[in-house]
Amino acid sequence: MPDDGRTQFHAERLQGLGGSDLAVILGLNPWKTPFSLWQEKTQRLEPIDETLPMKFGSYVEEFVAREYAERTGQRVQRFNAMLSHPKAPLIGHVDRLVIPDGQKVASYKREIRTDKGLECKTASAFAAGRDSEWGPSGTDQVLPHYLIQSSAYMALTGCAHWDLAVLIGNHDFRIYHLHRDQELESYLLEEADRWWQAHVVADTPPDPQSELEARQRWPRHQAGKVLTATVEVGLQLRQLAQIRADMRLLEAREKAVKDQLYPALANAEVVIYGGEEAATYRANKDSQKVDYQGVAVELMTGMDPADQARVLAAYTRTVPGARVLRLAKSLEAA
């Protein structure tokens with residue numbers, strides 16, 4: 001998709017929750033959390049650039065659609081308009097619409113004239129393993145977040161059926177048949193409206209789910225605030241203290257081994273053990289580092305003190321100190 005197309009795409013996504021977003025707010029998306037979704041929808045986080053897997057998926061989408069048509073004998077049609085639900089903050093772009101038998105098109109001037117849509121996916125070869133959530137081709141056994149996404153598209157289009165075609169590992173092609181579930185659909189629409197009102201409209205973030213998100217949510221402490229830990233938090237503090245103690249022990253053992261190993265390596269570049277290369281011990285590529293502080297001192301030498309103060313003030317900024325979790329000595333000694 002060209003840059004201008006992506007800009008429009010991201011702008012449209014700010015107007016509501018997409019099909020894949022529903023899985024996020026339900027905690028069923030393996031790649032995104034509700035907190036990061038909230039950051040995106042409130043423009044606190046820049047849209048993520050297309051990753052290589054995302055680009056590959058977009059590129060292969062056309063092949064998957066063509067293969068689906070060839071295997072089923074059903075023709076498909078693109079539908080580029082963004083769909084918006086009349087009652088819930090649900091939006092979406094569908095991959096394809098399936099043209100009904102005996103008809104020439106599946107849509108005309110934004111009017112959908114079919115009862116079936118198609119979602120095109122790709123998956124890694126590992127997705128088809130023994131513990132895979134992908135069921136046999138021809139069933140409705142798909143990954144939960146894809147089921148939710150397809151249900152959202154049925155809610156947006158009014159279609160009663162949705163096929164999902166997936167190319168797994170570039171060698172396994174499967175087609176799944178999903179059907180509209182009014183009960184599931186009602187639940188998804190209610191959750192979409194609840195989440196949008198509670199977090200986007202009210203501008204209130206969902207609970208963070210990681211250290212990184214917690215640091216983003218609360219970068220500074222509240223002076224004087226005291227938290228009385230629950231039993232769970234107390235146990236987690238003890239676990240952290242034990243892990244840190246184990247790490248200190250391992251670091252000491254690592255240093256002891258290095259103190260014996262490195263002198264034995266001397267100035268060798270490659271280490272052979274048992275007839276095979278066991279390690280290399282070579283320097284990284286040289287790099288250059290500019291001492292900008294020294295450059296500034298050199299340039300400011302002889303400058304009027306008032307001008308020096310002005311320049312320093314113009315290029316001085318306060319960097320917030322990071323919050324550091326320091327365990328009590330009694331806990332570390334426990």
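At-a-glance table
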{"item": "Mean separation of Cα contacts under 8 Å, 6 or more apart, over the residue count of the chain: relative contact order %", "result": "15"}
{"item": "Per-residue [θ]222 nm for the chain (sum of -39500 (n - 2.57) over DSSP H runs n ≥ 4, rounded to 500)", "result": "-13500 deg cm²/dmol"}
{"item": "Residues with amide H under 5 Å from that of V76, placed H, sequence gap 5 or more", "result": "I99"}
{"item": "Candidates A202, A283, A106: whichever shows maximal mean-square fluctuation once the chain is modelled as a Gaussian network with Cα springs under 10 Å", "result": "A283"}
{"item": "Gaussian network model of the chain, Cα within-10 Å springs - most flexible of K289, K109, K255", "result": "K289"}
{"item": "D140 long-range amide H proximity, modeled H, under 5 Å", "result": "H177"}
{"item": "Distance histogram for region 268-334 (every C-alpha pair counted, 5 angstrom bins, percent rounded to whole numbers)", "result": "3, 10, 10, 8, 7, 7, 8, 10, 15, 10, 7, 4, 2, 1"}
{"item": "Scaled radius of gyration (Cα, divided by 2.2 N^0.38 Å) that region 116-194 gives", "result": "1.14"}
{"item": "Karplus 3J(HN,Hα) series, Hz, for region 240-255 with 6.51 cos²θ - 1.76 cosθ + 1.60 (x for Gly, Pro)", "result": "5, 4, 5, 4, 5, 5, 4, 5, 4, 5, 5, 5, 5, 5, 4, 4"}
{"item": "Alpha carbon convex hull of the chain, projected area averaged over orientations, nm²", "result": "30.5"}
{"item": "Zero-based 10 Å bins, Cα pair distances in region 231-284, whole percents", "result": "20, 28, 22, 17, 12, 1"}
{"item": "Under Karplus coefficients 6.51, -1.76 and 1.60, residue-wise ³J(HN,Hα) of region 266-276 in Hz, glycine/proline x", "result": "6, 10, 6, 8, 10, 10, 9, 9, x, x, 10"}
{"item": "Nearest 10 degrees, 0 to 90: helix 182-195 Cα axis against the chain principal axis", "result": "40"}
{"item": "Estimated dipole of the chain in Debye, rounded to 20 [Cβ of Lys and Arg +1, of Asp and Glu -1, Cα centre]", "result": "580"}
{"item": "For A123, distant residues with modelled amide H under 5 Å away", "result": "L167, I168, G169, N170"}
{"item": "From phi via Karplus (6.51, -1.76, 1.60), per-residue ³J(HN,Hα) for region 159-166 in Hz, x at Gly/Pro", "result": "5, 8, 9, 8, 9, 10, 9, 10"}
{"item": "Zone of A313's modelled label, taken as backbone nitrogen in region 282-303 under 18 Å from a point 7 Å along Cα→Cβ", "result": "303"}
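The numbers here are math on the coordinates, done by the rules we state, and not lab data. Remember, it's a predicted structure, so these values are computed and weren't measured experimentally. Cβ sites come from the backbone with ideal geometry, for glycine too, and all protein chains shown count toward neighbours.
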